[in-house]
1. Any idea which of L50, L4, L21, L35 is touching a residue at least 40 places away in the same chain (Cβ under 8 Å) and either assigned to a helix (DSSP H, G or I) or among the hydrophobic types (A, V, I, L, M, F, W, C) (or both)?
2. In this structure, does G40 turn out to be over 11 Å from the mean Cα position of the chain (by Cα) and at positive phi?
3. Please enumerate the residues belonging to segment 1-26 that are over 26 Å from G40 (Cβ atoms) and of a type in the set (S, T, Y).
4. Restricting attention to segment 53-81, which residues are part of a helix (DSSP H, G or I), of a type in the set (G, A, S) and under 13 Å from the mean Cα position of the chain (by Cα)?
Amino acid sequence: MTLLVIPFRAGAFYGAGQSILYAEGPVPQLDTVHLDAPLGAQFVDAPTPLANYRSLLDRMEQAALPPDESRKFIRSIAREL
């Protein structure tokens, strides 16, 4: 698992504030997106929505700090607590 930080300077972006878990593996037909929804969990496994979520997550990753910088940022905040 990789945790990336999207800094405030990245500005607003589609999907901000939404919990998205994209579970993927060696068999693409088994890929699933898990969304936290007000009335409970929602699971998405149809090809077109999966492609849309993959694209959204790719854009979010581009806006995020690289893994090393994200770790440093998280550690700096943890030291302040």
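Just so you know, all these numbers are worked out from the coordinates, no wet-lab data involved. Here the structure is a predicted model, which is why all the values come from computation and not from measurement. As a convention, Cβ positions derive from the backbone with ideal geometry for all residues, glycine included, and neighbour counts pool all protein chains shown.
1. Step by step, each of L50, L4, L21, L35 is checked, and only L4 is touching a residue at least 40 places away in the same chain (Cβ under 8 Å) and either assigned to a helix (DSSP H, G or I) or among the hydrophobic types (A, V, I, L, M, F, W, C) (or both).
2. Yes; evaluated as a whole, the condition is true for this residue.
3. Within segment 1-26, T2 is the sole residue that qualifies.
4. Going residue by residue through segment 53-81, those that are part of a helix (DSSP H, G or I) are 53-63, 67-80.
From what is left, the residues that are of a type in the set (G, A, S) are 55, 63, 70, 76, 78.
Those that are part of a helix (DSSP H, G or I), of a type in the set (G, A, S) and under 13 Å from the mean Cα position of the chain (by Cα): S55, A63.
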